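These notes are about the structure you will find just below.
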Amino acid sequence: MSGNIPVTKPPFSQTPMGELVSDFTANPFAVLGFFGLLAVIICAIFAPYIAPQNPYDLMTLDFMDGNLPPGSTGGMGQVFMLGTDDQGRDVWSSILYGLRTSLAVGAASAFIAFGIGCIVGLIAAYAGGLTDTLIMRLVELQLSFPAILIAMILVAVLGQGTDKIILALVAVQWAYYARTIRGLALVEKGREYIEATHVLGFSHFRIVLRHLLPNCIPPLIVIVTMQVASAIALEATLSFLGIGLPLTEPSLGQQIANGYGYMQAGRYWLSIFPGVALLFTIVSLNLVGDHLRDILNPKTRRQ
Amino acid sequence: MTAPLLSVRNLGRKFVQKPSAVAVAASLLTTGKRPVQKAVRAVNDISFDLGPGEALGLVGESGCGKSTVARLITGLITPDQGAITYKGETLAAMARKDRLKIQMVFQDPLGSLDPRMRLGDQIAEGVRVHNIVPAAELKDYLAGIFADCGIDPVLAQRYPHQVSGGQRQRFGIARALAMKPDLVICDEPVAALDVSIQAQVINLLARLRRERGLSYIFISHDLNVVRHLCDRVAVMYLGKLIEIGDAAEVLSDPRHPYTSALGDAAPRVTLDAQEFRAIKGEIPSPLNPPKGCFFNPRCSLATDLCRSEAPELRDLGARKVACHTPL
C-alpha cells in the first residue's frame, strides 16, 4: 500500500515546529529581532562577566571619574564607553545590570500572568454558562481600568519591592491572557476533535490539558512576547515615576529617571543610553512577536 | 429478533434559539411581551431497534437530523424526550466505562483528529486511559489495530495534516476500533473523501464488521453505499422517521413518496442519457414546519388529509412507513 514511504520519522522540516522555524527565518526583520533579543538576554544573564565594573559595589566606584562623557578615560586608565554618572558609575555597566532586572521582572510577571490567565480562561471557555459570565465580567472590569493606574494603586498599597512589582504587573496582565485564551478555547471547543474526546470518555481534566490547551498555545506565544515587552515598559514607567523597584535593584526605568534631572545640564548619556537599551529590547521583542503572529495565523501564513 | 443491542424510543431533541438580551429588551419595550423563542425540533419522536451485529443505514437530506441522532446516541448531547437503552440499560444512567462500547467515526477526519498530537498517540490514548488492554500488550494491540485498518505503522508518527484524507479516515476508524466497541456510529464517514478512496474505506468498514461482529449506525446521503453496507435502512425527513425496513427492499421498492424521490435523485450508472429528477421544492424551514405531513408541500400524492394530519409510522408488510398514501 505504501511501501515507498521510508521507515523513518518525518524530517524536522515537516513537523509543526520545523515548519514554524522555516517560516520564521524567511523574514529578515524577524531574524534581526530574534538575534537582538538573544543579545539582550545574553547581556542580561552574563552581566557580571561582561560589565567592566559592578556599578552597585561602591568599592569599585571612584568619585574622580564622575560625570565623564562617553568615551572618556578614567583615573585607572579604563575607558567609559557610555560615560559615567555623578558618582563615577559606568553607564554601560549600569545598563547591563539594569537589563537584568528589567528582563527578569518583565518575564517573571508575564509568565505568571500567562499561567493564571490560561487557567482562568480555559475554565471560563470549557465550563461556559454562569462560570463563564462571572469570570469574563471580572476580566472586563479589570481591563476597563488603565494598567498604569492599577499598578500604581497596588504598589501604593503593597509597598515597594521586586516581588510586589511583579505582583502588580501580574494583576494588570492576567486579564489579557484570560480573555485571549477564552476566545481561542471557545473556537477549539466546538471542533470535532474535542467531541471525539468526549466519545472516548476522557476526563474533563485530560480534555482541557491534553487537547484544548495545546491547540490554544500557538497564538498565545505571540501574546506572551508582546506582554513581556509591555511588562518591561510598564515596570520602566513605574520606576520612572519613582514607585517601581527599590533603589538597590535599579532597572532601566530608574536609570532613565535618575538621568532625567541632568538632561538640562547636558549630561544626555545618563538617560539616553538606558533609554536606547530599553527601546532596543522592546522593539526586538515586538519584531519577534509580530512575525510569530503572522506565521501562526493561517490566513496570513505563506504556503 | 433477539434482544436488541440498542433501542431508541420516542427520541426527541429540540434546539432553542435564545433571543439576545437586546432583543428581549427591545421586545419588552415595544410590545410589552417577551419575544417568541424559536425552537427547532431536530429530532422528533424517533423509535427504532438495532440488533447485535446489525447495520442500520440512516438516510435523508442535509439538515434532517441524522447527525443529531448520532450525537444523541453517543451522548454528546442529551435528549429532551424519550430514551435510548443500550443492552437494556438507559444510556443516561450508564457509567462512562460502559458507554465506551458505543464509538463514533466522524465525517471530517481532519477536524476530528487532534491537530497537535501524533496520530499513533491519539489511537493509543483511549486504550491507555481506559486500560482496554494491559500496558505490556499495548504495542502489539495497536499494531494489530493498524494492520486491521490497513494503516502503515510509519504514519503513526505523523500529525493529521501530514497524511492523506483516506489515511486520516483510517486513523479515525482505528481510534474507534481500538476501544473494542460493540456499536460504531458512522456519521457520513466517506462524505469528505475522494470517490476512489470512498470505496476503500467502505470495504474496510464492511470487513471490520464481518470480522468483529460490530453493529453500525451508518449515516449517509449516498443510497448506494447504504444498500451495499446496511441490513436495514431508516429514512428521515425533517427530524421524523418516515420509512424503516430492510435496506434492499426499501431502496428498490420504496413505499413513502419521499424515499422514492430520494432514490430517483440518486445518480445511477447507465448507458442511456438520463434526466436528473430533483425533488421539487426546498426542504421547509425546520423553524416553521408545514402542517400535517411535513412532506406534503413537495409531494405529488398529497391529499387534504396529508395537509391537515401528520401520519403515524405504521406497519406495512415487513417495514414501517409514515404516509397516508403509501405507494
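For this structure, a couple of remarks:
- Efficiency of FRET from Cβ geometry, A:I112 and B:A83, R₀ 60 Å, rounded to 0.05: 0.75
- The mean number of Cβ atoms from other chains found within 10 Å of a Cβ in peptide B:106-115 is 5, as a whole number.
- Computed from phi, the 3J(HN,Hα) profile of segment A:266-273 under the Karplus parametrisation 6.51, -1.76, 1.60 (θ = phi - 60°) reads x, 8, 4, 5, 5, 9, 4, 5 Hz, with x in place of Gly and Pro.
- Efficiency of FRET from Cβ geometry, A:L138 and A:M81, R₀ 41 Å, rounded to 0.05: 0.25
- Within the accessible area of chain B (1.4 Å probe), percent carbon and sulfur: 52
- A Förster distance of 41 Å, applied to the separation of the beta-carbon atoms of A:S72 and A:V157, puts the FRET efficiency at 0.40.
- Bins of 20 Å from zero: percent of alpha-carbon pairs in chain A: 28, 48, 20, 3, 0
- Residues A:Y260, A:Y49, B:Y159, B:Y258 ordered from highest to lowest accessible area at a 1.4 Å probe: A:Y49, A:Y260, B:Y159, B:Y258.
- B:Y237 long-range amide H proximity, modeled H, under 5 Å: B:I242
- Label-to-label distance for B:V16 and B:Q37 is 0.1 nm, based on points extended 7 Å past Cα in the beta-carbon direction.
- Solvent-accessible heavy-atom area per residue, rounded to whole Å², over chain B at 1.4 Å: 47
- Cut-off 13 Å, label 7 Å out along Cα→Cβ of B:N288, residues of segment B:32-59 by amide N: B:38-39
- Helical content alone sets the calculated 222 nm signal of the protein assembly as shown at -15500 deg cm²/dmol, taking -39,500 (n - 2.57) per DSSP H segment of four or more residues and averaging over every residue.
- Each principal axis of the Cα cloud of chain B was taken in turn, and the coordinate range along them, longest first, works out to 66, 61, 41 Å.
- Only Lys, Arg, Asp and Glu carry charge here, each on its Cβ (+1 for the first two, -1 for the last two); on that basis chain A has a dipole of about 940 debye about its Cα centre.
- Protein heavy-atom surface of segment A:192-303, 1.4 angstrom probe: 65% of the accessible area is carbon and sulfur, with nucleic acids and ligands not counted.
- Residues whose amide H comes within less than 5 Å of that of B:L58, counting only those at least five positions distant or on another chain, are B:F218, B:I219, B:S220, B:A234 (H built at 1.01 Å from N in the peptide plane).
- Between chain B and chain A, roughly 2800 Å² of accessible surface gets buried, counting both sides and using a 1.4 Å probe.
- Convex hull volume per residue for segment B:121-245, taking Cα atoms only, in Å³: 124
- By average C-beta atoms within 10 angstrom, highest first, the peptides A:22-28, A:81-87, B:16-22, A:174-180: A:174-180, A:81-87, A:22-28, B:16-22
- Rolling a 1.4 Å probe across the protein heavy atoms gives segment A:183-236 an accessible surface of 34 Å² per residue.
- Heavy-atom accessible area, probed at 1.4 angstrom with all protein chains present, ranks B:L316, A:L130, B:L205, A:L241 as A:L130, A:L241, B:L316, B:L205, highest first.
- For A:201-212, mean number of other protein chain Cβ atoms within 10 Å: 3
- D_trans [Stokes-Einstein, Kirkwood Rh over alpha-carbon pairs] for the protein assembly as shown, 4 °C, 1.567 mPa s, µm² s⁻¹: 44
- Across segment A:174-231, Cα-Cα distances exceeding 17 Å account for 41% of all pairs.
- Among A:K164, B:K180, the order of accessible area from largest down is B:K180, A:K164, computed with a 1.4 Å probe on protein heavy atoms.
- Part-to-part distance (alpha-carbon centres) for segment B:292-308 and segment B:176-225, which is given in Å: 35
- Complex-versus-alone comparison for segment B:149-167, residues with a loss of 40 Å² or more in accessible area, probe 1.4 Å: B:D152, B:V154, B:Q157, B:R158, B:Q162
- ³J(HN,Hα), Karplus 6.51/-1.76/1.60, whole Hz, each residue of segment A:207-218, x for Gly, Pro: 4, 5, 7, 8, 10, 6, 4, x, 7, 9, 5, x
- Of B:K14/B:K101; B:K66/B:K240; B:K14/B:K240; B:K87/B:K320; B:K97/B:K180, those spanning more than 21 Å from alpha-carbon to alpha-carbon: B:K14/B:K101; B:K87/B:K320
The values are calculated or read from the model by the stated rules, or taken from the named source; none is laboratory data. None of these values were measured; they are calculated from a predicted model. Heads up, the Cβs are rebuilt from the backbone with ideal geometry, glycines too, and the neighbour counts pull from every protein chain shown. The area values use the complete protein model at the heavy-atom level, side chains included, leaving out ligands, DNA and RNA. Shrake-Rupley method; radii C 1.70, N 1.55, O 1.52, S 1.80 Å.
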